[in-house]
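The values are calculated or read from the model by the stated rules, or taken from the named source; none is laboratory data. Please read these numbers as outputs of a predicted model, since none were measured by experiment. Quick reminder, even Gly has a Cβ in these numbers, built from the backbone with ideal geometry, and neighbours come from all protein chains shown.
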Amino acid sequence: MPGKILVVDDEKDINDSLSFILEKEGYLVDQAENGKVAYEKILNAYYDLVITDIEMPMMKGTELLEKIAAITPQTAVIMITAYGSLETTIKALRSGAQDYILKPIEFDEILIKIKRLFEMKRLISENQILRKEIQRNYDFSELVGKSLAMHKVFEMIQTVAETESTVLITGNSGTGKELVARAIHFNSKRKNKPFVAVNCGAISENLIESELFGHKRGAFTGAISDKEGYLKAADGGTLFLDEISEMPLQLQVKLLRVIQEKEITPVGTTYSIPINVRFVATTNKNLQNEVTSGKFREDLFYRLNVVELNLPSLKERPEDIPILADHFVHKYRKVIGKNVIGVENTAMRALLHYEWKGEVRELENIIERAVIFAKSEYITIEDLPQSMHLLKDVLIPEKPGSLDDFIKKVEKGFILKSLETNEFDKEKVAKQLNLGLSTLYRKIKDYGLEQ
């Protein structure tokens, strides 16, 4: 759709000639002979761009600029000025005008300026759309689960996101630690600033300091130009340090200083640069054990571990497996373009009794694969990897009911199996299932398992 432009000038020749040129370029053009008429038009219609003279009767261009900024700030403004009014033009630029042109008007020059301005508006609009899409993808929509364990995680994310504290996210590989880190960022006051992710285990020990802190040209062999590090790139936003336990000890000292002093020194320099960064780190190791064994600095551990957020494994929340499976089915049916709407009972039986060593990431990969190979609307046991076929004989109701009924039946069987395994020692069962004893007693009563 072509841009809509309002040309405002009390000289009819300028108004007509400029409008003619712009219309030939494909723009939708309207005219106004002074600022007052232009203001009335702007109140009744939207314009992408207003090109206005500064010196006009009834209302000057600078006053019109102020009114445009107040009622339709997304409208761009280009000022037309004589050489002697440059000082006024500079004030107009400071007040929000995007550009200016000098009289006599060079049409080629103004066409270039308009084209550049519309391209900039398009990029800003696309950037805003992309930012909203990123925020939508990393709110809570990708963190799926209705278990008590996941509700606690959601509550912690909401509480922690509102603070500036450093956060240490712990849990097995594949439990979704990066999704949680992004959810914290995109629900915080820093959501419109950068989220920069660094995998501490994926960068070689020789390069990680340069990658984090940046370097000056000539600081070392191969440093052919200045480089901005991840810490500077994350200024104002969040730096996500994935698998922090893999960071070399000598760099841990420097990171501790950055967190405490809020400044960095690029490699090959002696000056410090102030930064404003929030730190969120993850680990799948027990950092306390790493401290004891001398592989991780104790002072950095306590500095990072202001808030610890532990992600439960699938073993601790089996009732979420059907919900996660359904979520991934609907995600990949859109991506792959297949009419797959769910998981057949026998296949779900296998998913529920599989040992998920790769956690949620492994479940997602298996569902994506199953959607690719599915030959009907429902994923069957044949669509799952061969290693899962042995699990197809696990008992499950033949007739599918509601998802809530199905989850309750699975939970009932899971609790009963745990009671039998632990010789009905309820304290052992509560500990194994990560449930409060009173919660276990209530579930035993609800499911009629007292006998």
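Odds and ends about this structure:
- Any hit, segment 419-440, residues being β-branched (Val, Ile, Thr), at pLDDT 85 or above and exposed (fewer than 14 other Cβ atoms within 10 Å of the Cβ): yes
- Among the residues making up segment 170-209, those that are crowded, with 18+ Cβ neighbours inside 10 Å and within 14 Å of Met247 (Cβ to Cβ) are Val198, Cys200, Ile208, Glu209.
- For segment 66-174, the strands (runs of 3 or more DSSP E) that sit wholly inside it and include 1 or more residues that are modelled with pLDDT of 85 or more and under 18 Å from the mean Cα position of the chain (by Cα) are 167-170.
- Residue within segment 338-347 that is free of Cβ contacts under 8 Å to residues at least 24 places away in the same chain, in a helix (DSSP H, G or I) and polar (S, T, N, Q) present: no
- Scanning segment 423-446 for residues that are farther than 19 Å from Ser313 by Cβ and assigned to a loop (DSSP other than H, G, I, E, B) yields a count of 3.
- Set Ile379, Ile396: member being at pLDDT below 85 and surrounded by 16 or more Cβ atoms within 10 Å (Cβ to Cβ): Ile396
- The residues in segment 175-218 that are assigned to a helix (DSSP H, G or I), closer than 18 Å to Ala233 by Cα and not hydrophobic (A, V, I, L, M, F, W, C) can be counted, and the count is 5.
- Conditions (1) over 18 Å from Gln98 (Cα atoms); (2) crowded, with 19+ Cβ neighbours inside 10 Å; (3) under 43 Å from the mean Cα position of the chain (by Cα); number of the one not met by Ser19: (3)
- Tyr39 vs. criteria free of Cβ contacts under 8 Å to residues at least 60 places away in the same chain and outside any helix (DSSP H, G or I): no
- Matching entry among Val360, Val371, Val335 (being free of Cβ contacts under 8 Å to residues at least 40 places away in the same chain and either over 14 Å from Val410 (Cβ atoms) or assigned by TED's automatic domain parsing to the domain that holds Gly413 (or both)): Val335
- With respect to the conditions (1) outside the structural domain of Leu168 (by TED's automatic domain parsing); (2) in contact with a strand residue (DSSP E or B) (Cβ under 9 Å, 6 or more places away or on another chain), Asn305 lacks only one, and its number is (1).
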